[in-house]
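Quick note: the coordinates plus some simple rules give every number you see, no bench work behind them. The structure presented is a predicted model; accordingly, all values stated were derived computationally and were not measured.
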Amino acid sequence: MASPSQGFSLEAKYTLEEGRVFLSGIQALVRLPLDQHRADQRRGLRTATFISGYRGSPLGGFDQTLERERKLLDAHHVVFSSGLNEDLGATAIFGSQMAGLFPRPKYDGVLGMWYGKAPGVDRTGDAFKHANYAGVGKRWRSTTRSCRPSSRGARRRSSTSGCTASCSRGSPASGSG
């Protein structure tokens, strides 16, 4: 009889492309750009991801997990650079979106992931505003998602409640999604 752990790997949470994986919230956020890269590759696109944010955000451990998985991230063209504060992290993400403005860009597009805490979202409004005005590459659409705890005392569902995530490059504009 085969052992249930035969063929099991702790890295499967990031590398398994079919089947079921069990992830924490932080692990799911780390896996997100890896899955996006794989999906883009299947579409024939050469893309990268740039992640930045504030180390003091409610996503404690996200930055540490990204740093621990450096080899895997490098293989999927994912770059993590911690911001000194929310503003600098968001501005760096905005800069990553300008890669397509140069002749012969290395990538077809860059997925930008930003993380920070709620007061940082308020402070970072200018960087968000200018990034939205500038837009993204002609092939992409911009999506921003955020979550904040209810002011009416609703119970938090996870340790990442109150976080805001910004995705500066979504699905190709001509596709659905």
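Apply the a/c threshold of 1.5 to the C-alpha gyration tensor of the range 4-99 and tell me whether it is rounded, prolate or oblate. It is oblate, given that a/c is not under 1.5 and a/b is not larger than b/c.
Compared with the direct C-alpha span, the chain from ARG70 to GLU18 gains 16.5 nm at full extension, assuming 0.36 nm per residue. Full extension of the segment from ALA99 to ALA118, taken as 0.36 nm per residue of separation minus the current Cα-Cα distance, would add 4.0 nm. Under 15 Å of direct C-alpha separation, and excluding same-chain neighbours fewer than eight residues apart, LYS129 reaches these aspartates and glutamates: GLU86, ASP87.
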